[in-house]
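Structure, as structure tokens:
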Amino acid sequence: MIAAVKGAKEYLYGRREKESIQDHIRVPELCRQKLLHYAESFQELARCMETGGEEQTAWRGETFAEETSEDVRQPDRRDVLEERRSQENRLLISHNLCEVAQIMIRLADELFRCRPMEERYRKLLLHALRTESIYADHFCYLTEKADDTHAISMTLSTNRKGGCPAAQVADMLSVLLKRPLQLSAASPYLVEQEPHSFVFMEEAKYMALTGFCKVTKENETISGDHYAILESEKGKMTLLLSDGTGSGERASKDSEKVLDLMEKLLEAGYDTEAAVNMVNVAFFAGGRECNYPTLDICDLNLYDGSCSFCKIGGAASFLKRGDRVEQISQCSFPLGIFRNVETNRIDRQLQDGDYVILMTDGVLDALGEGNYEEAMERAVAELSEVSPGEIAERLLELALCACGGHIRDDMTVLVAGIWENAVAAQSKIL
């Protein structure tokens, strides 16, 4: 591989050719128009679901008034409940159709966010890869913004027997382009004879490590708290923590359902606010069949260090920077109480060595009556542990000591530590 890189550089700098670089590659307009047309159709279907339900309700009201003009009687309670359930289901479907339409619109816009690779780099990579019997084509940068480059896309094939590990190609690209790159999780593991598309992601500026600790309420065998850690291809990490109402199996099922729905919606392309609204409507439509679980969300962008909190009835969270601690709290109701839920985001900028700490109310309540949030804030400030897992264990130990070992509610602590990626920080954007 070293010889291939050296030979490619000699090949590149030994030739002088004028470069003609376009700003963007324009994807066929027909594809974009199709997506926008599909989005418009879904939006129209959503409007029909809403207006159709209103018209049907009005018609039923008029019919009922005519039938009871002489003999006034009260409507059957079961009919009223059934009509309410039907209307809520229509609203749920309508909301879902609108969100699918928005995903299509965003996708149509993202199709234009790819930039062709400069000719000199393209020739450099072609020559280096060819010496390793790897054949490449369709080079381009994948960007999220006009001045961003987070990934490189290309088509690769080889005539080598048994193929070639794509991670080896990522190492070559990192040396040639002087930018640490890694194979995306969605790309094939092997470069084979048949051409396939590969995406190589540049390493994020920050890296995150997580840890957790939890205990179950005494006399219960299953915890009503659940958490999830989601990582996407774009250098983003999402922390989810849900506390089911009460304890035991019922609470566990509710909180587990929340995280399962959130994970599926986020993977499908929904943004955080839209996903929360969908989950809330699903619980609201469930009526008495569902309790009212809480949901804590923390979105971490590992490229720029930005962080967003979204709290739906959850307990206070904490942001630790050295011996300084900020309490992140918000007055909001749990999921399913109202049809619409407030998703006000709290944005913060993280630095090297910061910690994000999420916990359920069982941990805070264990500290006793009074200003338990301020007490937890002081305890977090005094922590000397470095590992996120050790921090979670230490905070849970403090809560257990405060309540005398009597676990009156499920307790869960989830911690994420943020550190600067030294290799990525020293390199420059392509």
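Note on segment 361-380: residues that are free of Cβ contacts under 8 Å to residues at least 24 places away in the same chain, in a loop (DSSP other than H, G, I, E, B) and either in contact with a Cys (Cβ under 8 Å, 6 or more places away or on another chain) or of a type outside the set (Gly, Ala, Ser) (or both) amount to 2. Report the residue count in segment 360-380 for those that are closer than 22 Å to residue 293 by Cα and open to solvent by less than 30 Å² (accessible area, probe 1.4 Å). So the answer is 5.
Mind listing just one residue for me: the one in segment 55-79 that is open to solvent by less than 80 Å² (accessible area, probe 1.4 Å) and over 30 Å from residue 43 (Cβ atoms) and, of those, modelled with the highest pLDDT?
Looking only at segment 55-79, we keep the residues that are open to solvent by less than 80 Å² (accessible area, probe 1.4 Å), and these are 56-58, 61, 63-65, 68, 75-76.
Narrowing further to those that are over 30 Å from residue 43 (Cβ atoms): 63-65, 68, 75-76.
Details: 63: 50, 64: 47, 65: 50, 68: 49, 75: 59, 76: 70.
Among those that are open to solvent by less than 80 Å² (accessible area, probe 1.4 Å) and over 30 Å from residue 43 (Cβ atoms), it is 76.
For segment 148-163, the tally of residues that are out of contact with any Pro (no Cβ under 8 Å at 6 or more places or on another chain), surrounded by fewer than 20 Cβ atoms within 10 Å (Cβ to Cβ) and over 26 Å from residue 421 (Cβ atoms) stands at 5. For the structure I just gave you, tell me whether residue 102 is part of a helix (DSSP H, G or I) and at pLDDT 80 or above. When the stated conditions are applied, residue 102 passes them.
In segment 304-325, the residue that is surrounded by the most Cβ atoms within 10 Å (Cβ to Cβ) out of those that are outside any loop (DSSP other than H, G, I, E, B) and hydrophobic (A, V, I, L, M, F, W, C) is 312.
Checked across segment 204-227, the condition of being among the aromatic types (Phe, Trp, Tyr) and closer than 18 Å to residue 306 by Cα holds for at least one residue. Only one entry in 383, 335 is part of a loop (DSSP other than H, G, I, E, B) and open to solvent by less than 10 Å² (accessible area, probe 1.4 Å), namely 335. Assess whether residue 212 counts as being within 27 Å of the chain's Cα centre (by Cα), open to solvent by less than 10 Å² (accessible area, probe 1.4 Å) and at pLDDT 90 or above. The answer is no for residue 212. Taken over segment 275-303, the residue count meeting the criterion of being at pLDDT 90 or above, assigned to a loop (DSSP other than H, G, I, E, B) and out of contact with any Pro (no Cβ under 9 Å at 6 or more places or on another chain) is 1. Looking at segment 177-188, is at least one residue surrounded by 18 or more Cβ atoms within 10 Å (Cβ to Cβ) and under 30 Å from residue 360 (Cβ atoms)? No, there is no match, as no residue in segment 177-188 is surrounded by 18 or more Cβ atoms within 10 Å (Cβ to Cβ) and under 30 Å from residue 360 (Cβ atoms).
The values are calculated or read from the model by the stated rules, or taken from the named source; none is laboratory data. On a predicted model such as this, the values are computed, not experimentally measured, just so you know. Quick reminder, even Gly has a Cβ in these numbers, built from the backbone with ideal geometry, and neighbours come from all protein chains shown. All accessible areas refer to the heavy atoms of the entire protein, side chains included, with ligands and DNA or RNA removed. Shrake-Rupley method; radii C 1.70, N 1.55, O 1.52, S 1.80 Å.
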